[in-house]
Amino acid sequence: MQPKVIAVLETRTGAQLADLIERRLGAKPLHAPALEEVPEIDPQALRAALAAWQSRPFDVAIFQTGVGTRALFKATDELGQTPTLAGLLARATVVVRGPKPTGELNARGVRIDRRALSPFTTDEVLDALAPVDLAGKRVIVQRYGDANEPLRAALAERGASVEEITTYRWGLPKDSRPLEALIEALSERRVDAVVFTSAVQVHNLELIAARCGRAAELPALLGATCIASIGPVCSRALEAIGVRPTLQAEPPKLGFLMSALERYFAER
């Protein structure tokens, strides 16, 4: 029997995920990185923001991702302004979205006041903030690869003034050939499952399909195989393009996603 072919769109830990799929599932991984993290910190703008915050401190700070939190502190290290940021955070309510920013803040000795619960979506961030009076308060949000408009809108509706800190953005991979090859493999029914670990992977795959003139086909191509989603945010992105995930990790962690995939193929 031929081994199953499982496509992996993860970039940063894609090689490790592919190895995990090979070892745990005995499957053949097809690695097609779907995004690139592009650093986007303007040191002078950050210096100016720190000076402005000293004059008019923020009341709440929300950290959404580990990589973004780490990039922010790396930038303040290079500016010699980390003690300034640490002092501002010590006087604010610090909120984290999940375990990765928690780890970065713990490493920096930053007190964490409120933590979003699993599955660590915007809804859980807002739940964590429910007891906090935001009327007239200044809130800074460590932005991940794209703007979190639902979070901004919900905070503004509660009377907060919101400012985003941009540390990186998500771009298309420089080499799109692996994604193009994945689309071709899907069209030839040579893929048994596709693993999505972020919503942006869905968007970028759709963009590459459009470049290839196959955007209209993409939902059907994906729908013909097993679609494994890391969690509800990713699943909503799939549903937005007309694809219903076959399975979703509960809770949204890689180990649980691998276990769900194991069960899926064991039953077939």
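Using a 10 angstrom Cβ neighbour count of at most 11 plus a DSSP loop assignment to flag exposed GluC sites (Glu not before Pro), which longest range of the chain is free of such sites?
Here the longest segment lacking exposed loop sites spans 1-187.
Can you give me the Cα centroid spacing of region 221-268 and region 1-32 in angstrom?
14 Å
Roughly what % of DSSP beta bridges within the chain run antiparallel, to the nearest 5?
10 percent
Under 17 Å from a point placed 7 Å out from the Cα of E40 along the Cα-to-Cβ direction: which residues of region 134-154 have their backbone N that close?
Under 17 Å, as judged by backbone N against the label point of E40, lie 141-152 of region 134-154.
Quickly work out the A224-to-R263 label distance, labels modelled 7 Å from Cα along the C-beta direction, and quote it in nm with one decimal.
Between R263 and A224, the label points sit 2.8 nm apart.
Along the charge dipole of region 1-156, which of L35, Q54, Q2 sits closest to the positive end, that is, farthest toward it, with unit charges on the beta carbon of Lys, Arg, Asp and Glu (+1, +1, -1, -1)?
Value computed over the given set: Q54.
Given K28/K74; K4/K100; K100/K174; K137/K174, which pairs have Cα atoms separated by over 29 Å?
Over 29 Å Cα-Cα: K28/K74; K4/K100; K137/K174.
Pull out the extension gain between A181 and R24, defined as 0.36 nm times the separation in residues minus the alpha carbon to alpha carbon distance; nm, one decimal.
So the extension gain works out to 54.1 nm.
Which one, Q201, Q142, Q54, has the greatest fluctuation when you compute a Gaussian network model over the chain with C-alpha springs under 10 angstrom?
Among Q201, Q142, Q54, the largest GNM mean-square fluctuation belongs to Q54.
Going by Cα centres, region 136-183 and region 110-130 are how many Å apart?
After rounding, the separation between the Cα centres reads 17 Å.
Only helical DSSP H runs with n ≥ 4 go in: add -39500 (n - 2.57) per run for the chain, normalise by residue count and round the 222 nm mean residue ellipticity to 500 deg cm²/dmol.
Helices in the chain give a 222 nm mean residue ellipticity of -14000 deg cm²/dmol.
If you average 1/r over every pair of different alpha-carbon atoms in the chain and take one over that average, what Kirkwood value in Å do you get?
After inverting the mean inverse Cα-Cα distance, the result is 19.9 Å.
Compare the Cα positions of A130, Y144, L105 along the charge dipole of region 38-170 (+1 at Cβ of Lys, Arg; -1 at Cβ of Asp, Glu; about the Cα centre) and return the one farthest towards the positive end.
So the residue we want is L105.
Relative contact order for the chain: what percent, with Cα pairs under 8 Å and sequence separation of 6 or more?
Relative contact order, the chain: 20 percent.
Which aspartates and glutamates does K253 reach when only Cα atoms under 14 Å apart count, and residues fewer than 8 places away in its own chain are ignored?
Reachable aspartates and glutamates: E10.
Every read-out reported here was derived from the displayed coordinates using simple, explicitly stated rules and does not represent laboratory data. Source: prediction; values computed, not measured. All Cβ positions, glycine included, derive from the backbone under ideal geometry; neighbour counts span all protein chains shown.
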